[in-house]
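Note sheet for the following structure.
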Amino acid sequence: MNQKSLPQKTIRKSDVNRIFKNIQFVPETTEIPFPQADSFERLIELFFLLLKEDLTKDEITEKCAFDSRQTGYYTAAGRYLELIEKDINLFQLTAEARTILAKNQKTKNLALIKKVLEHQVFYEAFKLTLDSGEIPSKKSIVEIMSQLNLDMSDSTKERRSSTVRGWISWIW
């Protein structure tokens, strides 16, 4: 079993519901762009890579087989979740990320789910998933983004909705 992909089978619906009911939202920031990193599994791979050592953008690009743009997207996604920080030219895990990754698999998964759901867009999209039993459409996610007054154009919301769908799929 691949530790990096953090399989979901050890998590029960009641575990996620407990997190969902107790979420406290973090404010959206304009300093770090809304994520454009559709695969949460790839983001987790980046976390495990940075757990071993701090890396430059070029090193991440090479080790993750990303193109340069993807490296920017995935490091920004980690920063959005406050799990990656940049120190001059090096990307490193935050202390919180190191604590999360040191936990057992189930606790690690639940902590990562919590980090995602602390952002209201993801919370509202997951709420729709719970209500309907399926991942919301891109259109529904764009509507959520608009209702929450996210500061981005409609075309950007459309692109970012893929990230929301991808991350909710990982949770679901």
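Here is the figure for region 86-103: residues that are under 29 Å from R165 (Cβ atoms) and assigned to a loop (DSSP other than H, G, I, E, B) total 2.
Can you tell me which of L90, L83 is in contact with a strand residue (DSSP E or B) (Cβ under 8 Å, 6 or more places away or on another chain) and surrounded by fewer than 17 Cβ atoms within 10 Å (Cβ to Cβ)? Break it down stepwise before answering.
Working: L83 fails: surrounded by fewer than 17 Cβ atoms within 10 Å (Cβ to Cβ).
So the residue among L90, L83 that is in contact with a strand residue (DSSP E or B) (Cβ under 8 Å, 6 or more places away or on another chain) and surrounded by fewer than 17 Cβ atoms within 10 Å (Cβ to Cβ) is L90.
Could you tell me which of the residues K106, K139 is basic (K, R), outside any loop (DSSP other than H, G, I, E, B) and modelled with pLDDT under 95? Show your work before the answer.
Numbers: K139 fails: modelled with pLDDT under 95.
The conditions single out K106.
Per-residue answers, yes or no, for (1) within 14 Å of the chain's Cα centre (by Cα); (2) on the phi > 0 side of the Ramachandran plot:
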| residue | (1), (2) |
| --- | --- |
| I60 | no, no |
| A65 | no, yes |
| A77 | yes, no |
| L83 | yes, no |
| K86 | no, no |
| F91 | no, no |
| A95 | no, no |
| T99 | no, no |
| A102 | no, no |
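Residue count for region 154-172, restricted to those that are farther than 13 Å from D38 by Cβ and of a type in the set (S, T, N, Q): 2. If I filter region 105-112 for residues that are surrounded by fewer than 18 Cβ atoms within 10 Å (Cβ to Cβ), free of Cβ contacts under 8 Å to residues at least 24 places away in the same chain, farther than 19 Å from K52 by Cα and more than 14 Å from the chain's Cα centre (by Cα), do I get at least one hit? Yes; the residues of region 105-112 include at least one that is surrounded by fewer than 18 Cβ atoms within 10 Å (Cβ to Cβ), free of Cβ contacts under 8 Å to residues at least 24 places away in the same chain, farther than 19 Å from K52 by Cα and more than 14 Å from the chain's Cα centre (by Cα).
Against the test of being outside any loop (DSSP other than H, G, I, E, B) and not small (G, A, S), the options F66, F25, F34, F48 yield a single qualifying residue, F48.
The values are calculated or read from the model by the stated rules, or taken from the named source; none is laboratory data. Please read these numbers as outputs of a predicted model, since none were measured by experiment. Positions of Cβ are generated from backbone atoms using ideal geometry, with glycine treated the same way; all protein chains shown enter the neighbour counts.
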